[in-house]
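Down below is the structure, laid out as structure tokens.
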Amino acid sequence: MQIFEEYAKLLVEVGINIQKGQNLVINCPVDCAWFARLCAKAAYAAGCREVIMGWKDDELTREKYLHAADEVFDSVPAWQSEFYNGYAKGGAAFLSIAATDPENLKGVDSDRIVRTQRSSNKALKEFRDLQMSNTVPWCVASIPILSWAQKAFPDVKAEEEAIEKLWQAIFGAVRVTGDGKAVERWREHQETLKKRVDKLNALDLESLHYTNSLGTDLTICLPEDHVWAGGSGFTKGGVPFIANIPTEEIFTAPLRDGVDGVVYASMPLVHDGNIIDKFHFVVKAGKIVEAHAEVGEETLKAAISLDEGASRFGEVALVPYDSPISNQKLLFYNTLFDENASCHLAFGEAYPECVKGGEDMTKEELKERGLNESMTHVDFMIGSADLKITGKTWDGKEVPIFVDGNFAL
Ligand code: ZN
Ligand code: ZN
């Protein structure tokens, strides 16, 4: 049991960094209730005021999408917006245990999914804005569930063995061994990320040029006064927290109108309960003008047409090809892990912290600075063993950032 308690403690004390007297909202699948209990215990031990649960269930979600009355997907009940907006405004912390069948919504009408996202993003806008601007601390982490473990390990027939293998993969990725030193290891890891962040910020690049043998040839201009971030974020009150466990990336925002070329995904993407695979985008002046996928094209096209900003980019993230997660050579079918095994981009909203002073700017000011706005934010992986990224400084100097998939700095 010790290793699970160590993991729960890591999420609550380092991921969320729960403060005395603070509320904690935990979103969690019902299958993982035992682990939510460990997190709640760790939170109360650290002085949490109250743990409030938001339960999820794949099967009920799927049943609803298939059989609920059609108008259900255009509105969100008032209690639900009050739940998220109210707790966020009151300064609660949010922990999400993200564990789902990668193909849970296969065959569901994608129009229902898109309408749900539109209505829920509208109803929970206050919560989302407070989260994106790091006003409230949040952390996303995962534990295995059977459907997911079976997808990640298709050749393992015994159910328990598949779960056990996924646990080992997750523990490897999150640096938890059961020796009680996970918190220390995370402090060291954050230092490594911070050094990379400082180097990139010191370069003050104008643009990045990506090429690899998949066919990617993409130029990404960066906003003036952009900021690279990674590892800990900080709430407005200055409390450090880590939004994703694991995290290996350092990231910033691209210039909304400044992305041009072709970009190929290097891994499948699990999105909206569907798998999208072998896809690429053609991008002109920041906008995705063509999207092609051999698998899941309908899901992909629905995702980038959610709103105007969904077809533009909101994040550029660097992850070495040689990292603890990618060295496992395992496709997790869960973006939380796969994005941390590979350089990635996100279409949709940019994080305000990616431009100097951005967390205190209005939406209009952020837009003026060149950051993209959208109700969505979807990471997709583009890193490969031969990825080359060359930076260009404002005075036209070229700097190798990535060579053969790894940092050249
Ligand atoms: Zn990212
Ligand atoms: Zn992202």
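Here are the numbers for this structure:
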{"quantity": "Test result for Tyr321, hydroxyl-bearing (Ser, Thr, Tyr), over 22 Å from Gly273 (Cβ atoms) and either within 15 Å of ligand 1 (Cβ to nearest atom) or not assigned by TED's automatic domain parsing to the domain that holds Leu222 (or both)", "calculated": "no"}
{"quantity": "Meets criteria (open to solvent by less than 40 Å² (accessible area, probe 1.4 Å), in contact with a Ser or Thr (Cβ under 6 Å, 6 or more places away or on another chain), within 16 Å of ligand 2 (Cβ to nearest atom) and within 27 Å of Ser232 (Cα to Cα)) for Leu345", "calculated": "no"}
{"quantity": "Enumeration of residues in the range 327-340 that are open to solvent by less than 10 Å² (accessible area, probe 1.4 Å) and either more than 14 Å from ligand 2 (Cβ to nearest atom) or among the hydroxyl-bearing types (Ser, Thr, Tyr) (or both)", "calculated": "Phe332"}
{"quantity": "Per-region count, the range 130-182, residues touching a strand residue (DSSP E or B) at 6+ places or on another chain (Cβ under 8 Å), of a type in the set (Ser, Thr, Tyr) and open to solvent by 30 Å² or more (accessible area, probe 1.4 Å)", "calculated": "0"}
{"quantity": "Hits in the range 187-215 - residues which are hydroxyl-bearing (Ser, Thr, Tyr) and over 22 Å from the mean Cα position of the chain (by Cα)", "calculated": "Ser207, Thr211, Ser213"}
{"quantity": "Residues being touching a residue at least 24 places away in the same chain (Cβ under 8 Å) and either assigned by TED's automatic domain parsing to the domain that holds Ala341 or touching a helix residue (DSSP H, G or I) at 6+ places or on another chain (Cβ under 6 Å) (or both) - total across the range 147-165", "calculated": "1"}
{"quantity": "Those residues of the range 349-379 which are outside any loop (DSSP other than H, G, I, E, B), more than 17 Å from Thr235 (Cα to Cα) and either touching a Pro at 6+ places or on another chain (Cβ under 8 Å) or more than 13 Å from ligand 2 (Cβ to nearest atom) (or both), in sequence order", "calculated": "Lys363, Glu364, Glu365, Leu366, Lys367, Glu368"}
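The values are calculated or read from the model by the stated rules, or taken from the named source; none is laboratory data. As the structure is a computational prediction, the values presented were derived from the model and not from experiment. All Cβ positions, even for glycine, are placed from backbone atoms using ideal geometry, and neighbour counts span all protein chains on display. When the accessible area is computed, the model is the full protein with side chains, heavy atoms only, and any ligands, DNA or RNA have been set aside. Shrake-Rupley method; radii C 1.70, N 1.55, O 1.52, S 1.80 Å.
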